[in-house]
Amino acid sequence: MRRGQPTHSDQPVLQARAGIFKIIRCCSGAGLTLSENFWPLVTFRFLQAAGAGVGTVIARGFISNQMTPKAALKAFATLTAVMGFTPIVAPIVAGYLLIAANFQTVFGLLFFARPADSGRLLVPDSALS
């Protein structure tokens, strides 16, 4: 088996992790949007951070399993650039949103405005074949 072909042992694990990741992000996003007190906010923020950590591992697993080495190199470069750029831009955008509205608006935007399957935005379908 050449590298870039999905293995039967890895796929169910990656898909289960992706499902857990989506459930955690959905629950934490809804909880953050609706929370009004400190402790629910801290609890849901912790869940959101745990979900973000899982998302990084899942993205790397899918890239290494489903792509040829040359396509995987490009995808890893894009993933690294996005993961390096996002923590710089996100607080700036959130700060401007906080000027115009409250913190629930920031989390509501994250919950409602993101695509349902954001991983597909980074990986073109042609790279998976």
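The values are calculated or read from the model by the stated rules, or taken from the named source; none is laboratory data. Quick caveat: nothing in here was measured; it's all calculated off a predicted structure. In this analysis, Cβ positions are derived from the backbone assuming ideal geometry, glycine residues included, and neighbour counts consider all displayed protein chains.
Checking the stretch 85-96 against the condition returns a match, with at least one residue being within 18 Å of the chain's Cα centre (by Cα), of a type in the set (Val, Ile, Thr) and at pLDDT below 85. Residue count for the stretch 97-116 satisfying the condition of being part of a helix (DSSP H, G or I) and surrounded by 10 or more Cβ atoms within 10 Å (Cβ to Cβ): 12. Of all residues in the stretch 52-59, at least one satisfies being in contact with a Lys or Arg (Cβ under 7 Å, 6 or more places away or on another chain), in a helix (DSSP H, G or I), on the phi < 0 side of the Ramachandran plot and surrounded by 15 or more Cβ atoms within 10 Å (Cβ to Cβ).
Do we have Ile92 as assigned to a helix (DSSP H, G or I) and under 24 Å from Pro12 (Cβ atoms) here? No; evaluated as a whole, the condition is false for this residue. Take Val82 and decide whether it is in contact with a helix residue (DSSP H, G or I) (Cβ under 9 Å, 6 or more places away or on another chain) and surrounded by fewer than 15 Cβ atoms within 10 Å (Cβ to Cβ). So Val82 fits the description; yes.
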